[in-house]
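Heads up, the thing below is written out as structure tokens.
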Amino acid sequence: MLRPRIIPCLLIKNDGLVKTIRFSDFKYVGDPINAVRIFNEKEVDELIVLDIDATVQRREPNYALIARLAAECRMPLCYGGGIKTVEQTQQIIGLGVEKVAISAAAVQTPELISEAAVRVGSQSIVFVMDVKKSGLLRRYEIFTHNGTRATGLDPTNFARQVAKLGAGEIVINSIDRDGEMKGYDLDLIERVRSETSLPITALGGASSLDDVRSLIRRFGIIGAAAGSLFVFKGKYRAVLINYPSRSEKDALML
């Protein structure tokens, strides 16, 4: 039976775990391997790990770190950052990662999605669209390279394209809501949801389990991902890895 998924998202910078606000204002929050061990104990549904340096620095994914994460992780793992070729996708899947997240490379060369899907299966290919409002008309637009490069692409149109190319899932990451903890951008999610039947995961803005509940009640079967919600506690944003208990998760699904 399909169920909504509640997914912590970990950001890696200089091999450390960080949190951002609108893709900047980096705050170190700990060791990613230690965070994975804690999430193992809390029996999380799935985990997203994104290396936010790799694409900007034009370097290969850190395979040694990926291998350590995959070996430690007892839940499905999605990894992204620096992936530009089908061969890199295969190598990461070979390390024990269930899903590979592609963003900037897929925008530049959309055929990468279909080629990678043939090699490792559509279910393992996730397209991450980092979106914010831009221009005088404040229209939604996809950005890459940590939100520094405008693409001119409309997220709804590109969602249709990546679905046709064979992606297995779309992660909608709101740059405007990142780290703000003011709730998900439900309008953005609705627009993309109306254009594709692919599984969708929403990221950016969750401040409480009430936000997760609202997302699930509106969209049903969806991934509710969050960063700050699962690494901070309280109004002073003290670092504390947390995740809802089984009974709290069940209550969210009702």
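Figures for the structure shown
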| read-out | value |
| --- | --- |
| 20 °C / 1.002 mPa s Stokes-Einstein diffusion coefficient of the chain, Kirkwood radius on C-alpha pairs, µm²/s | 119 µm²/s |
| Region 12-46 versus region 86-106: alpha-carbon centroid distance in Å | 20 Å |
| DSSP loop trypsin sites (Lys or Arg not before Pro) with at most 11 other Cβ within 10 Å excluded, longest remaining stretch of the chain | 139-234 |
| Proximal lysines relative to K249, as straight alpha-carbon distance under 26 Å, when same-chain residues fewer than 8 apart are discounted | K19, K42, K99, K182, K233, K235 |
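None of the figures in this text is laboratory data; all of them are computed from the coordinates on show. Only a predicted model underlies this, so the values are computations on that prediction, with no experimental measurement involved. Counting neighbours? That spans all protein chains shown, and the Cβs are built from the backbone with ideal geometry, glycine included.
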